[in-house]
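Data block below; observations after.
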Amino acid sequence: MELTTNEKQIIENSIRDIKDFPKEGIVFKDITTLLNNKEAYATLMNHLHSRYKEYNLDYIAGIDARGFIFGAALAQMLGIGFVPIRKKGKLPYTTIGEKYALEYGIDEIEVHLDAFSGVNNARVLLIDDLIATGGTANAAATLINQTGAKCIEACFILGLTFLDGIKTLKEKTDVYTVLEVD
Ligand code: AMP
């Protein structure tokens, strides 16, 4: 089900812009003010639940760290499992990792090798709060597919459309953004 204009406004108005954080020139989209706003949080989660309940998903994979908040809540609503995709060095069992480019340097994310092994050819929804350059989400989708599972769609609360992240990620998986920022 599509969000109504009013519902969209409730979610959009709950997200706070912080100028020049973490450095000059960046407008940081602060979703903590969405999370502590019960109307906005419920509107968002009910929308995601109604969208994904027909997708026949087996797991939600959330990206460290804000993807955990939305992903874990959605997995519980859908009655399916949740898998964390974490920054390098945080997961205790055998992992596979994928590096990706940052503005300066590289970073790496990891997932447990057996994270999706409870279901054959598991259908996975990837979730994070925001897609910018798409580097993180691309690496995460690659990891999911490398485990033998399939990344069915990547979902973001916010998509920055002035960057190429969404376009690039669409070559790998379907992409859904609740709100777009241009
Ligand atoms: P990217 O890999 O460039 O798509 O960056 C996505 C990751 O960085 C996500 O996990 C976001 O939470 C975070 N991020 C990037 N840009 C912003 C921003 N303007 N506001 C808030 N979070 C951001």
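Rule-based calculations on the coordinates, nothing more; no lab input. Just so we're clear, the structure is a prediction, and the values are computed from it rather than from any experiment. When we count neighbours, we look across all protein chains shown, and the Cβ atoms used for this are built from the backbone with ideal geometry, even at glycine.
List the GluC sites (Glu not before Pro) within the stretch 58-151 that DSSP assigns to loop and that have no more than 10 neighbouring Cβ atoms inside 10 Å. Those satisfying the criteria are GLU103. Shown here: the stretch 113-182, whose C-alpha atoms stretch 39, 18, 16 Å along the first, second and third principal axes, sorted largest to smallest. In the chain the Cα-Cα distances spread across 5 Å bins starting at 0 as 1, 8, 17, 22, 21, 16, 10, 4, 1, 0 percent of all pairs. Listed cross-link partners LYS99/LYS172; LYS150/LYS172; LYS99/LYS170; LYS29/LYS90; LYS29/LYS167 are compared with a 22 Å cut-off, the Cα-Cα value being larger for LYS29/LYS90. Dividing the radius of gyration of the alpha carbons in the stretch 1-109 by their Kirkwood radius gives 1.02 for Rg/Rh. Listing VAL111, VAL27 from fewest to most neighbouring C-beta atoms within 10 Å gives VAL27, VAL111. In the chain, the DSSP beta bridges split such that about 35 percent are antiparallel, to the nearest 5.
Dividing the mean sequence gap of close Cα pairs (under 8 Å, 6+ apart) by how many residues the stretch 130-182 holds gives a relative contact order of 44 percent. Taking other C-beta atoms within 10 Å as the exposure proxy, VAL175, VAL181 rank VAL181, VAL175 from fewest upward.
Among the chymotrypsin sites (Phe, Trp or Tyr not before Pro) in the stretch 1-77, those located in a DSSP loop and surrounded by at most 16 other Cβ atoms within 10 Å of their own Cβ are TYR55.
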